[in-house]
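First comes the structure, then the notes that go with it.
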Amino acid sequence: NAGVTQTPKFQVLKTGQSMTLQCAQDMNHEYMSWYRQDPGMGLRLIHYSVGAGITDQGEVPNGYNVSRSTTEDFPLRLLSAAPSQTSVYFCASSYLDRVEKLFFGSGTQLSVL
Amino acid sequence: DAKTTQPTSMDCAEGRAANLPCNHSTISGNEYVYWYRQIHSQGPQYIIHGLKNNETNEMASLIITEDRKSSTLILPHATLRDTAVYYCIVRATNFGNEKLTFGTGTRLTIIP
């Protein structure tokens, strides 16, 4: 039982490049979400999903796309990376009736130059 | 969801009880209080939650005032590994409210 797995752990991009942050969970959780955390700040919700085929926007969705084709996976796509997207990204999952009890991955540290 | 107010930082001596306050004066009747913590560079970890009764688990105790306008997270015997940022979150559990909003939390430092 691996929990929530995020890859890669570190990534450096040039402005304008695209990439996908991967998130997978093996707990059969319906709910999955992506947060970003900037230095000295709390976590801000980017996108979330309550089940396969369903996604919705959080507080800071601009510049990011998500899809949920399976229960297990919830990738986050940066279409054209910008320096303002330099951050640590966390993926989290939970049962839909226990959204308060999120399980977080270990994070992806992204730098956009 | 109601707004929460927490001190920016606190210190506590190792072995003593750490008491972390949270103010949520605009809390509604259907809103729960949740606590998470984030140890440096790791993902946040759920600690405990409650509605109006005091709660205790293997990690901590949660004391909610009778008017529910504030709460205190208690770590009974703090260790160095409890050094972390602690987030107090208030959220209603009605269907359609699937967002969990984190503030900036309290940075707790356990001093040897």
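Based on this model, can you work out whether A:LYS9 counts as over 12 Å from the mean Cα position of the chain (by Cα), of a type in the set (D, E, K, R), exposed (fewer than 14 other Cβ atoms within 10 Å of the Cβ) and over 30 Å from B:THR106 (Cα atoms)? If you could, list the steps in order and put the result at the bottom.
Working: over 12 Å from the mean Cα position of the chain (by Cα): yes; of a type in the set (D, E, K, R): yes; exposed (fewer than 14 other Cβ atoms within 10 Å of the Cβ): yes; over 30 Å from B:THR106 (Cα atoms): no.
It is false that A:LYS9 is over 12 Å from the mean Cα position of the chain (by Cα), of a type in the set (D, E, K, R), exposed (fewer than 14 other Cβ atoms within 10 Å of the Cβ) and over 30 Å from B:THR106 (Cα atoms).
Restricting attention to segment B:1-21, report how many residues are outside any strand (DSSP E or B) and more than 13 Å from B:GLY103 (Cα to Cα). Lay out the reasoning, then the answer.
Taking segment B:1-21 first, the residues outside any strand (DSSP E or B) are B:1-4, B:6-8, B:14-17.
From what's left, more than 13 Å from B:GLY103 (Cα to Cα): B:14-17.
Number satisfying all stated conditions: 4.
Mind listing whichever residues of segment A:66-76 are surrounded by 14 or more Cβ atoms within 10 Å (Cβ to Cβ) and either within 10 Å of the chain's Cα centre (by Cα) or closer than 20 Å to A:MET19 by Cα (or both)?
Going through segment A:66-76, the residues surrounded by 14 or more Cβ atoms within 10 Å (Cβ to Cβ) turn out to be A:66-68, A:71-76.
Residues satisfying the conditions are A:VAL66, A:SER67, A:ARG68, A:GLU72, A:ASP73, A:PHE74, A:PRO75, A:LEU76.
Name the residues in segment A:39-96 that are part of a loop (DSSP other than H, G, I, E, B), aliphatic (A, V, I, L, M) and at pLDDT 95 or above, would you? Before the answer, list the steps.
Keep residues of segment A:39-96 that are part of a loop (DSSP other than H, G, I, E, B), which gives A:39-42, A:52-53, A:58-63, A:67-72, A:74-75, A:79-82, A:86, A:95.
Imposing the further condition that a residue be aliphatic (A, V, I, L, M) reduces the set to A:41, A:52, A:60, A:79, A:81-82.
Of everything in segment A:39-96, those that are part of a loop (DSSP other than H, G, I, E, B), aliphatic (A, V, I, L, M) and at pLDDT 95 or above turn out to be A:ALA81, A:ALA82.
Please pick out the residue among B:GLU14, B:GLU31 that is touching a residue at least 24 places away in the same chain (Cβ under 8 Å) and in contact with a helix residue (DSSP H, G or I) (Cβ under 7 Å, 6 or more places away or on another chain).
Working: B:GLU31 fails: in contact with a helix residue (DSSP H, G or I) (Cβ under 7 Å, 6 or more places away or on another chain).
The conditions single out B:GLU14.
Evaluate segment B:22-31: report whether one residue or more is within 23 Å of A:PHE90 (Cα to Cα), within 14 Å of chain A (Cβ to nearest Cβ) and out of contact with any Cys (no Cβ under 8 Å at 6 or more places or on another chain). Full working, then the answer.
Residues of segment B:22-31 that are within 23 Å of A:PHE90 (Cα to Cα), as a first pass: none.
No - not one qualifying residue is present in segment B:22-31.
Looking at segment B:38-48, is at least one residue more than 9 Å from chain A (Cβ to nearest Cβ) and in contact with a Gly (Cβ under 9 Å, 6 or more places away or on another chain)? Can you show your working first?
So in segment B:38-48, the residues more than 9 Å from chain A (Cβ to nearest Cβ) come out as B:39-40, B:47-48.
Filter once more, keeping what is in contact with a Gly (Cβ under 9 Å, 6 or more places away or on another chain): none.
No: zero hits.
The values are calculated or read from the model by the stated rules, or taken from the named source; none is laboratory data. It should be emphasised that the depicted structure is a prediction, and the values quoted were computed from it without experimental measurement. Neighbour counts are summed over all protein chains in view; Cβ atoms, including those assigned to glycine, are modelled from backbone coordinates with ideal geometry.
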